[in-house]
1. Across every pair of different alpha-carbon atoms, what Kirkwood hydrodynamic radius in Å does the stretch 379-451 reach?
2. Local charge sum around GLU525 (other residues, Cβ-Cβ under 13 Å, Lys/Arg +1, Asp/Glu -1)?
3. ILE74 to SER282: FRET efficiency via 1/(1 + (r/R0)^6), r the Cβ-Cβ distance, R0 56 Å, to the nearest 0.05?
4. Add -39500 (n - 2.57) for each DSSP H run of 4 or more in the chain, then divide by its residues: what number comes out at 222 nm, to the nearest 500 deg cm²/dmol?
5. Taking a cut-off of 18 Å between Cα atoms, list the lysines near LYS135, but don't count ones fewer than 8 places away on the same chain.
6. Starting from a Cα-only point model with no solvent, please compute log10 I(q)/I(0) by Debye for the stretch 39-83 at q = 0.27 1/Å.
7. Which of the lysines could a cross-linker bridge to LYS357, judged by Cα under 25 Å and excluding same-chain residues fewer than eight apart?
8. Per residue, what volume in Å³ does the convex hull of the Cα atoms of the stretch 1-145 enclose?
Amino acid sequence: MTFVFMISAVVAVITALLVVPLTAKSKGTTSSIGGIAILTFIVLATVYYVTNLDRNWTALWPWLVLATFAGTSISRGKEQKAKGVLFLGSLAVAIFMLSAPVWNANEKYEIAKMDEQVEIQPFDETKTPASVPPKFARNKMKKAFGQVPNTSYYELGHLQIQKVKDEYVYIAPVEFSGFFKWMNGDVTPGYFTMSATDSSDNPKFVKAEMSYTPSSFLHKDLERHMRMKYPTKIFYGDPQLEINEDGKPYYIRSYGKFITARNGFDVDGIVVVDPATGQTDSYKLDDVPAFIDGAVSPEAVSLQNSYYGNYIHGFINSIIGKKDVKLPSDEGTVANVSPIFGEDGRMYYFTDFTSPKEGVDSMLGYSLTDGRTGKATYYTGNLEDSYMDSQGALQIIEKKFIEKKWAGEMPVLYNFYGEASWLTPVLDSNGFLQNYFIVSAANPEISVYGNTPNEALKLYKTALQRGGSSVDGSSNAEEKSVTGTVLRVFKERVGDFTQISFLLNNNQSYIVSSEVAPLAVYLQEGDSVQVRFLNTGELFLPVKEVTIRGIENK
């Protein structure tokens, strides 16, 4: 509070000297200066405390305009002329501040400029993507809220995905539900954790008392506590909870600098707070502790995406003409971006970009931004194909399940078997997970769904290889044929089709869907078959065509 009082006192004295006529022959001049100074001090200190505004002098330009205007209006003679000059100077400062978005667009674009590549690396099908939708995870956590002591005091806080001990989990703090609950509770009891890859996992409540939280008040309010420790830092984005490998929680928040004037933002580092003790530390992005995955706030990433998409040819072009402009999607799960994890174990923020032209659902590209460094890569996709954007994928799901009124959430683009594909969890009207839907971005007629991501992937592989399709999910695999006798058969229902796995007398296993080969449902042990397959080197080789002797297609 010392810094607040000091800057408020200095500004209060300057304000009084600007407003009160100094050359007027009045006995009340001194008392007027004192009165205005005291009033200004009280107002400014209150504003600083309530709003958590940064304590930089540049934040006071509106106050300067008002003070010089008042002083010019009240004063007379030479003093009025002098204060008039100050007023004109304050107007110049105001114009500079307000016009910054017009002339700093090129600088914003250069700061947000991304490396460009064609496609992301193919996804390893032996792994499970972190695809449990946050809305579903949040619903399950709310139903498990009975684990929290004094439940009526609290509510579920902001959901955050994180990697802990090589597992992808959702973290959500327990927050106060109001001022009087904070007065009675004093501390929050802990947080919930739940798998981000296994939808059958049940939320677990972890005890960890926290005093400095976003839902606390007065000096225990987390954002106020950060501001008091770092009065001049420029914060952007909401505080987020992250836990270390031992399960100890910490709140983090991104800070950075304005690009020009007080406009634009470029992230520099984070502030970390121990919510139990209030211990606060600041780190540059290069020095962020290893357990923190989302050092760059999703709000900052969303802002950078807008710079990159809109300002490629400056501010005017973003309004008129819009040459080469691409708009970031608003289908993300938080601040218009979706946090996901790559195969390297790092967290990335995914965003797809679409055309500014209305009624067009064609994707122009997509980006992945590293959550620790803020470094972003823009993927153009195969320029010979026209990719469907995330909104188009959601519309396909809506039409697919129109009678059940199910909807997709958190669409993310993956490279499945060399094919750009949207993976989207499907939820019912109550927010419960029903299945996982995969659709080709280049060929929307190719789509499947399954109870788990891996189940949907198996079906998707066979769908990509169905007869007559120009799509080859394993385009580098050699196509071969074999004739043999069936030794073992296993059939299972996957989505709308049956998946058949069978072992031939050459000791090689094969897999095919009834969508590809409808008559394969009749396959049984002892049958003689001719199989056309892709030699991918996998344990179960994908079949493109199977002919059963005696049941040939007519």
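The values are calculated or read from the model by the stated rules, or taken from the named source; none is laboratory data. All figures in this text were calculated on a predicted structure; none of them were measured in a lab. When we count neighbours, we look across all protein chains shown, and the Cβ atoms used for this are built from the backbone with ideal geometry, even at glycine. Calculation scope for accessible area: heavy atoms of the full protein, side chains included, ligands and nucleic acids excluded. Shrake-Rupley method; radii C 1.70, N 1.55, O 1.52, S 1.80 Å.
1. So the Kirkwood estimate lands at 12.4 Å.
2. Neighbour charge sum, excluding GLU525 itself: +1.
3. Between ILE74 and SER282 the formula returns 0.80.
4. Helix-only estimate at 222 nm: -9000 deg cm²/dmol.
5. Straight-line reach from LYS135, under 18 Å: LYS143, LYS204, LYS405.
6. Scattering profile of the stretch 39-83, log10 relative to I(0): -0.95.
7. Straight-line reach from LYS357, under 25 Å: LYS108, LYS113, LYS322, LYS323, LYS326, LYS399.
8. 222 Å³
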